[in-house]
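Written below as structure tokens is the structure these notes are about.
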Amino acid sequence: MSTLDNLYREIIMEHYKNPRNKGLIKNEEYTNARIKNPACGDDITVSTKVENGMVIDCKQQAAGCSISVASASVMTEIMIGKTKENALEIANTFLNMVSNQEYDQSIDLEEAEVFGGVKQFPARIKCASIAWVAFKDTLSQE
Amino acid sequence: MNEKIFNDFPQISDGYIYFDTAATSLKPKSVIEAVNNYNRNLSSNINRGMYDKSVITTRLYEEARVKLARFINASTDEVIFTRGTTSSLNLVAYSLGLSILKSDSEILISEQEHHSQFLPWQNIAKKTGAKLNFVKLDKTGRITIENIKKAINENTKIVALNYVSNVLGYINPIKEIIALAHQYQALVVIDAAQAVQHLLIDVKDLDVDFLAFSSHKMLGPTGAGALYGKSRLLAVLEPMEFGGDMNEDVEKDHSTWKASPQKFEAGTMPIAEVIGFGAAVDYLENLGLKEIMNYTENLYKQLFNEMKKLEDIEIYNPNSDTGILTFNLKNVPAHDAISYYAEKNIALRSGQHCAKLIHDFLGINSSLRASVYFYNRKEEVDRFIEVTKEAIKYFRKLGF
């Protein structure tokens, strides 16, 4: 048993191999944010549609390691159907969790809980975070 | 390699394999002692104090310059201390580039360049309107003299290339390139950050105009580096930084500068680091660069030959000329693979190694880089191969 098993959980591998909500939509209803990590070559774009304060749709296009790709996929599934405020709260909670900071455990991170092991691997925090930071960028551009 | 040398490096410990010399080299005790001696016993500024400790510090600092000059066969006025290769190349790009480049000028450069060579020139090209002209790399990513001949022309004012690629480990034919560039009256700026620790460099024999390198890649401390420039070029080159100790006369409306190298060393320099830089030269010279090169080459060959036997490995620089092996585990992103090596206490580099354009050339997002040096051992290569086989199995089992 390797401690790496705490990182490579089954759900993460499943999302890595079959990423959800893939593909970007380029029209006025969607807000896009792209983040590249020059240190590792990750390149992630998130595309969000917000209507009446609700995240109606969220798409992603991710090239990079398994953690960053799976994290983008899981994120889009969670965010669709959330209010903007709730979505932001979840994103902030997730980012605190993976970077080993205090976070509100009463907030339901749903499937994203599986990234809890990332905090044991400081070099991978960025991988798990990129899509969520990009998602927050799309909301702030709204 | 004599077993004794392994004791010279306090960073070496059982079970820890350091294959990341291309990022920064380990530091021998003699370098650490030289730095500590300054901090503990001297801690005074150079060129300023009339008291003993300041005089001794000034002497040690200037002795480091003498050592560096001898190391590359330059005169002492041709060796400028800087923060590192990046600072050295920015100094040339800004001071020389801004003064000689015009909108019809060309800078001959390559996709092999580290960002420390590429980004300053890209920026200067934008400011001056000069064009960046990329020499075509051959299929394996090498720079050839034939392709330089095709790219160079009478508008080429600067040729900015690396001596050894930090991703591919290839030695570029810079002596021939320099001779050709001079026929076109172009000046040649060489990034030697990955060359100084392997090759005997003779700037006079190369006839290079500017050559930049870092202390920390050749056993010295971080935070120090050098820029070599030909005397006659440095005499007319304007400083980029202005401040304490680089001036001669200062008046309200006009000031004058000291001669090179002092005019380029404004403010308090990284004194401890420069003294340590000198100690690193002593260490390399005592051991002998030829012996270092032979040993490293053999270790690299062992590494390469074993790695190429593995089916699930993609190697991007077959037959590298120095200790650098760049590869990926097939279907495993470099950042996933690196976590496996890290867990096994093996230090490698993953990502783009500050050289994005060569990754675009190779058609990949990122890679793993193993770099070996004289303080690595055959047994470490064996262990590395074993861990690589385990890593492939581990990731395949996960479904990669």
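The values are calculated or read from the model by the stated rules, or taken from the named source; none is laboratory data. Remember, predicted model here, so these are calculated numbers, not experimental data. Quick reminder, even Gly has a Cβ in these numbers, built from the backbone with ideal geometry, and neighbours come from all protein chains shown.
Observations on the structure shown:
- Residues in the stretch B:381-398 that are among the aliphatic types (A, V, I, L, M), within 13 Å of another protein chain (Cβ to nearest Cβ) and surrounded by 22 or more Cβ atoms within 10 Å (Cβ to Cβ): B:Ala391 only.
- Looking only at the stretch B:203-221, and only at residues there that are charged (D, E, K, R) and farther than 16 Å from B:Ile177 by Cβ, the one that is farthest from the chain's Cα centre (by Cα): B:Lys204
- Among (1) away from chain B (no Cβ under 13 Å); (2) polar (S, T, N, Q); (3) out of contact with any His (no Cβ under 6 Å at 6 or more places or on another chain); (4) surrounded by 15 or more Cβ atoms within 10 Å (Cβ to Cβ) - the single one A:Asn37 does not satisfy: (1)
- Number of the condition not met by B:Tyr375 [criteria: (1) within 27 Å of A:Ile12 (Cβ to Cβ); (2) assigned to a loop (DSSP other than H, G, I, E, B)]: (1)
- Of note, B:Phe304 satisfies the criterion of being crowded, with 18+ Cβ neighbours inside 10 Å and free of Cβ contacts under 8 Å to residues at least 60 places away in the same chain.
- When A:Ile56, A:Ile125 are screened for being more than 16 Å from A:Thr31 (Cβ to Cβ) and either free of Cβ contacts under 8 Å to residues at least 40 places away in the same chain or within 14 Å of chain B (Cβ to nearest Cβ) (or both), only A:Ile125 passes.
- Selected residue (only one of B:Arg48, B:Arg40, B:Arg65 is over 30 Å from B:Asn298 (Cβ atoms) and touching a strand residue (DSSP E or B) at 6+ places or on another chain (Cβ under 7 Å)): B:Arg65
- Any hit, the stretch A:29-39, residues being more than 30 Å from B:His359 (Cα to Cα), of a type in the set (Phe, Trp, Tyr) and modelled with pLDDT of 95 or more: yes
- Qualifying residue in the stretch B:212-229 (condition: surrounded by fewer than 16 Cβ atoms within 10 Å (Cβ to Cβ) and not β-branched (Val, Ile, Thr)): no
- Residues considered: B:Ile148, B:Ile124, B:Ile158. Of these, the only one that is in a strand (DSSP E or B) and either closer than 30 Å to B:Arg65 by Cβ or aliphatic (A, V, I, L, M) (or both) is B:Ile158.
- The residues in the stretch B:355-380 that are away from chain A (no Cβ under 11 Å) and either surrounded by fewer than 22 Cβ atoms within 10 Å (Cβ to Cβ) or over 24 Å from the mean Cα position of the chain (by Cα) (or both) can be counted, and the count is 8.
- Looking at B:Leu96, B:Leu108, B:Leu132, B:Leu89, just one residue is in contact with a strand residue (DSSP E or B) (Cβ under 8 Å, 6 or more places away or on another chain), in a helix (DSSP H, G or I), closer than 29 Å to B:Gly363 by Cβ and of a type outside the set (Asp, Glu), and that residue is B:Leu89.
- Flag if B:Lys175 is closer than 23 Å to B:Ser75 by Cβ, of a type in the set (Lys, Arg) and either in contact (Cβ under 8 Å) with a residue 60 or more places away in the chain or in a loop (DSSP other than H, G, I, E, B) (or both): no
- Residue in the stretch A:106-118 that is surrounded by fewer than 16 Cβ atoms within 10 Å (Cβ to Cβ) and touching a Phe, Trp or Tyr at 6+ places or on another chain (Cβ under 8 Å) present: no
- Residue check for B:Val66: surrounded by fewer than 24 Cβ atoms within 10 Å (Cβ to Cβ), assigned to a helix (DSSP H, G or I) and modelled with pLDDT of 95 or more: yes
- Residue in the stretch A:66-77 that is at pLDDT below 95 and either aliphatic (A, V, I, L, M) or buried (at least 17 other Cβ atoms within 10 Å of the Cβ) (or both) present: no
- Residues within the stretch B:326-354 that are hydroxyl-bearing (Ser, Thr, Tyr) and facing chain A (nearest Cβ under 7 Å), tallied: 3
- Counting only strands (runs of 3 or more DSSP E) that sit completely within the stretch A:1-99, those holding 1 or more residues that are of a type in the set (Gly, Ala, Ser) and farther than 24 Å from B:Ser350 by Cα correspond to A:30-37, A:42-51.
- Residue-level check: of (1) more than 14 Å from chain B (Cβ to nearest Cβ); (2) touching a residue at least 60 places away in the same chain (Cβ under 8 Å); (3) among the small types (Gly, Ala, Ser); (4) surrounded by fewer than 17 Cβ atoms within 10 Å (Cβ to Cβ), A:Ser47 misses just (4).
- Yes/no for B:Lys139 being in a loop (DSSP other than H, G, I, E, B) and surrounded by fewer than 24 Cβ atoms within 10 Å (Cβ to Cβ): yes
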